[in-house]
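The values are calculated or read from the model by the stated rules, or taken from the named source; none is laboratory data. The model shown is predicted, which means the values in this text are computed figures rather than measured ones. Backbone-built Cβ (ideal geometry, glycine too); neighbour counts: all protein chains shown.
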Amino acid sequence: MRQKRKSKKLIQIYQKLYTSIGPRKWWPGDSPFEVIIGAILTQNTSWKNVEKAIKALKEKNLLDPLKLYNLKEDPLAKTIKSSGFFNIKAKRIKNFIYFLFEHYQGSIEKMFSEKLMPLRERLLKINGIGPETADSILLYAGGKPIFVVDAYTKRILIRHNIISKVANYSEIQELFMENLEKDIRMFNEYHALFVYIGKHFCKRIPDCETCPMKGL
DNA sequence: GACCAGGCACATC
DNA sequence: GATGTGCATGGT
């Protein structure tokens, strides 16, 4: 498909999803820091289980960079137990916190004052932060124009014959970044709408008949 | 009781 | 570089 057609197609899908489903108001969270912690906790995990973990952190008054800096890994793991993979996620949160203090004196604001791509490269060097987590942090916590790709995005695009089964993260991301305006608001909604479609229609056993993307 | 969920790192070939 | 596996809880 030529560039212009691709771009038209992607805009068409977005408009269909937005008009039939409406704004998703993502990311649920009271602060950029909460969004970052949520992004790590939701790795291969249902959001319901993540919400419980975040609630537990709030109840212990631990949802704060310095508090987490001073908290040992073991009590952190116990607190986020409901999110699954709790030992490894406790490590990943601590890795991010150490990064935040090492480079930005623990300030989320200072971190996000960095330019998009240099910051993305730095985030990706943290053990436990991969492309989806990094991009979620950049877009939903930092308000930066980057397109987030996830398992739902890939599944939906494969089923609509827009990408091949072997397409990797950066190929899928480039499809959107190179064919759409770098519009933060749209990137925010677009990914959230894909998650909605993935959860409700484009499941392992898909429900294509009532799916808003039917025919696209 | 199997299967899945808003990934990632690491081992092995 | 591609493919497989461990990490773990809670909902359907």
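Descriptive notes on the structure:
- Residues satisfying the stated conditions in region A:150-175, i.e. among the hydrophobic types (A, V, I, L, M, F, W, C), within 16 Å of DNA strand B (Cβ to nearest atom) and either in the same structural domain as A:K115 (by TED's automatic domain parsing) or in a helix (DSSP H, G or I) (or both): A:A151, A:I156, A:L157, A:I158, A:I172
- Only one of the listed residues (A:P75, A:P23, A:P28) is modelled with pLDDT under 95 and not hydrophobic (A, V, I, L, M, F, W, C). That residue is A:P28.
- Pair list, Cβ under 7 Å, 6 or more apart: region A:26-42 residue within 20 Å of A:K81 (Cα to Cα), other residue in a helix (DSSP H, G or I) and basic (K, R): A:I40/A:K89; A:I40/A:R92; A:L41/A:K89
- Picking from residues in region A:121-147 that are within 8 Å of DNA strand B (Cβ to nearest atom) and in a loop (DSSP other than H, G, I, E, B), the one that is surrounded by the fewest Cβ atoms within 10 Å (Cβ to Cβ) is A:N127.
- When restricted to residues that are away from DNA strand B (no atom under 16 Å from the Cβ), touching a helix residue (DSSP H, G or I) at 6+ places or on another chain (Cβ under 8 Å) and more than 28 Å from A:I146 (Cα to Cα), region A:70-116 contains 4.
- Residue pairs whose Cβ atoms lie under 6 Å apart, separated by 6 or more positions or on different chains, with the first residue in region A:193-213 and surrounded by 12 or more Cβ atoms within 10 Å (Cβ to Cβ) and the second aromatic (F, W, Y) and in a loop (DSSP other than H, G, I, E, B), are A:C211/A:F201.
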